[in-house]
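See structure below.
FYI, it's all coordinate maths here, none of it is from the lab. Here the structure is a predicted model, which is why all the values come from computation and not from measurement. All Cβ positions, even for glycine, are placed from backbone atoms using ideal geometry, and neighbour counts span all protein chains on display.
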Amino acid sequence: MSFQVEIGGDVNHCLREAGLSDSWIGSSELEALPRCGGAYLLALRVDAKVEFMLRGERRGALATDWYFYLGSARGSGGIAARLGRHFRKQKKIHWHIDRLTLEAVEMAAIAVPDGRECDLVEKMLKSGDFETAFPGFGSTDCRRCEGHLLRLTANAERPVPNLDL
Ligand SMILES: [Zn+2]
């Protein structure tokens, strides 16, 4: 399996509408990533249902689709270290997003140095092309957003899967 960098279709247009960059990077380009802190957007495609558990024994499930996770990295190693973890398949499940990165068949990211994940969530929702995928997912510590995992709205065009198996 290889993770492709190409995320095409409407998504890049939607991102530009939301005022975001559309320069995607894949797992092979992690070295080029900024070591500084900031936020990032992680696009993932899952081709099977993913189940997970939220706080309070609340069960959730995500259907086959593309998902867009907004996260932040403020520790040592910054965005590069955090995305390195997301792209790695060998890890203990620690956060909700780990369930998804382990199941993902395609993954690509955009680094937003000095950005804040909640601002990115707001921008993407405002564009009208994205909606919250699952309330509470990835936002346990956030009081501002409904969730940090988004998906394209029903009528937005999905990126063409470019699996290279
Ligand atoms: Zn938030």
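Here's the picture: a label point sits 7 Å out from the Cα of ASP65 along the beta-carbon direction, and within region 21-47 the residues with their amide nitrogen under 14 Å of it are 44-47. Pairs of lysines in region 10-152 whose Cα atoms sit within less than 29 Å of one another amount to 5, provided the residues are eight or more positions apart or on different chains. Calculation over all alpha carbon pairs of region 76-125 in 5 angstrom steps from 0 returns a P(r) of 4, 16, 25, 24, 21, 8, 1 percent. If you take the alpha carbon atoms of region 14-65 and fit the smallest convex hull around them, that volume is 157 Å³ per residue. With a Cα-only, solvent-free Debye model of the chain, what are the log10 I(q)/I(0) values at q = 0.10, 0.16 Å⁻¹? Here log10 of I(q) over I(0) equals -0.32, -0.89.
Length gained on full extension, ARG116 to ARG74, computed as 0.36 nm times the residue gap minus the Cα-Cα distance: 14.1 nm.
Extension gain, GLU157-ALA81: 0.36 nm per intervening residue step, less the Cα-Cα distance, totals 24.2 nm. Taken over region 32-117, the convex hull of the Cα atoms encloses 98 Å³ per residue.
Centre-to-centre, using Cα atoms only, region 84-124 and region 28-52 are separated by 4 Å.
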